[in-house]
1. Which ³J(HN,Hα) values, rounded to whole Hz and listed in residue order, are derived for the range 143-157 from phi using the Karplus coefficients 6.51, -1.76 and 1.60 in 6.51 cos²θ - 1.76 cosθ + 1.60 with θ = phi - 60°, glycine and proline given as x?
2. Could you give the length gained by full extension between Gln234 and Lys433, i.e. 0.36 nm per residue of separation minus their alpha carbon distance, to one decimal place?
3. Taking the simple approach of a point 7 Å from Cα along Cα-to-Cβ for both Tyr124 and Glu553, what is their distance in nm?
4. Would you mind computing Rg(Cα) / (2.2 N^0.38 Å) for the range 511-564, counting N as its residues?
5. How large is ³J(HN,Hα) for each residue in the range 451-465, as worked out from phi by the Karplus curve 6.51 cos²θ - 1.76 cosθ + 1.60 (θ = phi - 60°), to whole Hz, x for Gly and Pro?
6. Which whole-angstrom value gives the distance between the alpha carbon centres of the range 394-412 and the range 514-542?
7. If amide hydrogens are placed 1.01 Å from N in the peptide plane, which non-local residues have theirs closer than 5 Å to the one on Val113?
8. What is the packing order of peptides 128-137, 411-420, 285-294, taking the mean over residues of other C-beta atoms within 10 Å and listing the highest first?
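No value in this document is a laboratory result; all are computed from the given coordinates. None of these values were measured; they are calculated from a predicted model. When we count neighbours, we look across all protein chains shown, and the Cβ atoms used for this are built from the backbone with ideal geometry, even at glycine.
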Amino acid sequence: MYEHKHPLNLIDLWSEQLQHEEEDEEDEEDGLIAKQDFRCLCCRCKEEITLFDSHPHPFFCIVSKQILCECFACGKEHKGIFYICSVCYDMFLHSHCAFLPNKLQIQHTTNNVFSHIHPLTLAYTFPTDDQKSKFYPNCRVCLEFFYPNLWIYRCEKCRYYVHLGCATSREEPFMSILTYPGKLIRNYEEANYPNLLHLPFPDPSYSLLKHLFFEENISITTIVGTKTHNISHQHPLILDCSTDHDITRSIASSSRIVKTISFHDPMKSIQLLCDGCVRPITTKPIYMCANEDCNFVLHEWCTRLPVELKSHHSHPQHTRLILHSKWPDKFFGVFRCDICYFHCNGFVYHCEECGYKIDVNCAFIPEEITHASHQNHLLSRVRQMETNYDCRICGNYFRENAFSYSCKNCDNFYLHPCCALLLPETTRHKCDKHPMKLSYFPIENHKNEYFCEICEEELNPQLAFYHCSECMQSMHPACAPSILCYETHMAYCYYVRIAINEFANVKFGSTYNNMSIHPHPLSFVQGIETDGRCTNCHDTLQYDMIFKCLDCEFAICHWCLKRKV
Ligand SMILES: [Zn+2]
Ligand SMILES: [Zn+2]
Ligand SMILES: [Zn+2]
Ligand SMILES: [Zn+2]
Ligand SMILES: [Zn+2]
Ligand SMILES: [Zn+2]
Ligand SMILES: [Zn+2]
Ligand SMILES: [Zn+2]
């Protein structure tokens, strides 16, 4: 039996581990059986430690009593026994960090609060170039960034990175939640929030307005009239709530027209958007225009929107917002929403006193939600003050004073309301036969770099993206939208990649007739490359809202036509 006068600590044999680092990468399970032995931590034993990859010189213990000092491994100030570099004399290493295991399972060290399928390996740096090539990942535990010179635990296969302190649950804020198993512990009482909306919605057939205004058992099958509850349209509207699923055929009794429309289906490139909320129409009941040449169509629930909103939270200056089915002063009904700043030509709530206007989706953004990207923590709608943090879903900044969803427990978690509400959990795309699932982190065991199957550009897996785990295909959220804009529009807005398509709230496809502008009818569409330049301002028409003639070469941008009429 071996005897020693001081207590011994179980530690890993660094040198052997590090020499086998390469082979370990091949087979992480074998690497787990760490080679360990017992060593004295006492300075009198003149124990030296070497950390070859981290620092070239040996370290020795300075004093046997506890001192308060900043550790160069974790960057934190600790009280404890410190080692100092025998050559540099200004590098202090806390004994706790000096004897960290080379590999660990995060579920063991965090009491199952966090888990990962592979063991995490200790790394002595996280160089900026490496971080950049992986889109600057954040710590999976605290969501904060990494300093290049501090040690981390990582799984390179899965791009899973954690701070030293977070991997070993030494950080104080976490100690409180680590006493419970599970993910983030729910920080609200369910009973206090009976109508809490859990986002994202399951698929593109769900929407906020359906959630709020859908009613079962609409018995009448056909109503003819120019007015539903409070929506006016220049032609009669037909209510269709029959059970015929794929397609809808209705006969307007007055006009005797048989009208056939197909439901929205991205797999078949069929687009059918509601003129009220501009979300896809995938099921009945619907209202559609009886006129054969008019593509006006509404979700039945979108006709139940309140005619006015009193004392709206977003506009306390004035008392009420009035619903209009077309923005009255704006050409072709296109306006910019004062909440989300997207263009929209659907229904609008409008303040008659000052011209404040919001689209019907933004008018109802809930006060509280939960979101799968931040499970179990309540997210509250707040006015965004100055923050260095970006939206967890799209990675973009918040305009000053715009709304965001924020977590009261985690001061680094924010979502744009439209990112939370408009990206469903699954979506479908022609390029993949399976539903694609919204993912918020890099995929486990992902072999290659990340590329979008649609635009073929690189994709940041630290933000939200759609992924099919069977085909290992990924897509930008804006490239796989439910409204098919990707066919003409790249997901950029002022050179910033966005998660929601810039024209997600615009319904294209109607026609404009004005002999003084052009002898043929003009179609309202999104410009594509072959449309060339605007007849009037000569700006390129690709990606813009344009009017073009289908009979001849004439094309003009929305802005120029608006100025002319
Ligand atoms: Zn330390
Ligand atoms: Zn892994
Ligand atoms: Zn609608
Ligand atoms: Zn809006
Ligand atoms: Zn106002
Ligand atoms: Zn966002
Ligand atoms: Zn939180
Ligand atoms: Zn893309």
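1. 6, 8, 7, 10, 7, x, 9, 8, 6, 9, 9, 8, 10, 5, 3
2. Working: separation 199, 0.36 × 199 = 71.64 nm, distance 4.07 nm.
Residue separation times 0.36 nm, minus the Cα-Cα distance, leaves 67.6 nm.
3. Taking the simple label geometry, Tyr124 and Glu553 are separated by 6.7 nm.
4. Working: Rg = 9.8 Å, N = 54, 2.2 N^0.38 = 10.0 Å.
Against the compact-globule rule of thumb, the ratio is 0.97.
5. Values, residue by residue: 10, 7, 5, 8, 9, 6, 9, 5, 9, 8, x, 7, 9, 6, 8 Hz.
6. 38 Å
7. Gly182
8. Values: 128-137: 14.1, 411-420: 22.6, 285-294: 19.1.
Highest mean packing first, the order is 411-420, 285-294, 128-137.
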